[in-house]
Amino acid sequence: MTLNKIPVNLITGFLGVGKTTTLQNILKRKPADERWAVIINEFGAVSIDHTPFAGADENGLIVKEIAGGCICCSANLPMQMTLTLVLRQVKPHRILIEPTGMGHPEAILDMLRGKFLKDVLDIRATVCLVDPRQWENEDYREHETFIDQITLADVLIANKIDLAGETLTKDFLEWAKALFPPKILIGAVEHGDIDPNWLNVEPFPQRKALHPHAHEHEHHHHHHHADELPIPEIGKPLMRESHGLGRYSCGWVFSPDEVFELPSLKKWVSSLQNVDRVKGAFRIGTDWVLINAVSGEFSIEYLAYRRDSRVECISVNPLPWKTLEDGLKNCLIKEPTTQAV
């Protein structure tokens, strides 16, 4: 009996390009009779990106997060262990892998093509999302990992074109069409609304990274798996710092019994200086919301997630994290004191 290989896709793209939103859109169109697995790798020790998928297990979707590390590094044992677990326990019909925004895709692709997995996995298109506004920025255009995310993509998508504007989007698409080896498919979308059929594109086998060692001189510190973080006590949030890949991050986890005030959170996010990205799941009253902010733009959506409140900030340089924590604590609703009867 021949074993059917499991199709697998990498969804890559730099910080803040909209990978998680894209995944959500893809998964909305997942065939109802199929089990899919999503593996999400986050840069910081406090994982956030899995929170929009809370409660999805009942719908044939399993989400595994690998926090506090980079699955693109050569010693990506957590990735191999997670993938093995998913293959054995879930037996999925498809696997989607979202590396961290600073992650280099080549080592992951090499692992997926390795002798232990090549007979099990059917590697489909690597999909790379690009915000044309980042592409226009010289700092990004010269960033080796940013370059190689684009270089290794089979399907290259301009995302957030409603924000980038028609002229810039056109410039990016013209540039993309001239790349060699050519992309198999080039698209332009808003809000990560890509066609799920693009996942089935046959990959071009000879793509090679231009900067395969771009991230090897960086070291990632303070590894913590998301499951290792206990639920904190009221008034004692957990704080975890990480650094590597040219970025610093700090994350906090608050008790699920603590309630945040949404207007204060908005003000806090808007006040942050020199932060590349801030993303957090917060309890506001009886609801939880996801706040995602990049370069001064932020979105808010309601979540089914209920485990705790958690947030992560990523920046180029270390920041006064304790001051940021104090600002977060000031966004909490102060419970009225109980009066003696």
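The values are calculated or read from the model by the stated rules, or taken from the named source; none is laboratory data. Just so it is clear, the structure is predicted and the values come from calculations on it, not from any experiment. Quick reminder, even Gly has a Cβ in these numbers, built from the backbone with ideal geometry, and neighbours come from all protein chains shown. Just so you know, the surface numbers come from the protein's heavy atoms only, side chains and all, with ligands and any DNA or RNA stripped out. Shrake-Rupley method; radii C 1.70, N 1.55, O 1.52, S 1.80 Å.
For region 32-49, a residue qualifies if it is touching a residue at least 40 places away in the same chain (Cβ under 8 Å) and more than 14 Å from the chain's Cα centre (by Cα), and the qualifying residues are E34, R35, W36, A37.
The lone criterion from (1) modelled with pLDDT under 85; (2) assigned to a helix (DSSP H, G or I); (3) closer than 19 Å to L129 by Cβ left unmet by T20 is number (1). Among the residues here, A178 does not qualify as open to solvent by 10 Å² or more (accessible area, probe 1.4 Å) and touching a Cys at 6+ places or on another chain (Cβ under 7 Å).
May I ask you to verify whether F282 is part of a strand (DSSP E or B), modelled with pLDDT under 90 and on the phi < 0 side of the Ramachandran plot?
Numbers: part of a strand (DSSP E or B): yes; modelled with pLDDT under 90: no; on the phi < 0 side of the Ramachandran plot: yes.
No; evaluated as a whole, the condition is false for this residue.
The set of residues from region 128-171 being at pLDDT below 95 and not in a helix (DSSP H, G or I) comprises N137, E142, H143. Residues in region 28-57 that are open to solvent by 20 Å² or more (accessible area, probe 1.4 Å), assigned to a helix (DSSP H, G or I) and at pLDDT 85 or above: K28, P52.
Do we find that T151 is β-branched (V, I, T), crowded, with 16+ Cβ neighbours inside 10 Å, over 21 Å from T20 (Cβ atoms) and within 21 Å of the chain's Cα centre (by Cα) in this structure? Let's see the steps before the verdict.
Values: β-branched (V, I, T): yes; crowded, with 16+ Cβ neighbours inside 10 Å: yes; over 21 Å from T20 (Cβ atoms): yes; within 21 Å of the chain's Cα centre (by Cα): yes.
When the stated conditions are applied, T151 passes them.
Each residue in region 101-116 was checked for being open to solvent by less than 10 Å² (accessible area, probe 1.4 Å) and not in a helix (DSSP H, G or I), and 5 pass. When T323 is tested against the conditions (1) touching a Lys or Arg at 6+ places or on another chain (Cβ under 9 Å); (2) of a type in the set (V, I, T); (3) modelled with pLDDT of 95 or more; (4) surrounded by fewer than 20 Cβ atoms within 10 Å (Cβ to Cβ), the lone failure is (1).
One residue stands out in region 249-283 among those that are open to solvent by 10 Å² or more (accessible area, probe 1.4 Å) and hydroxyl-bearing (S, T, Y): the one that is farthest from the chain's Cα centre (by Cα), namely S264. On the stretch given as region 234-252, residues that are under 16 Å from G327 (Cβ atoms) and not small (G, A, S) total 4.
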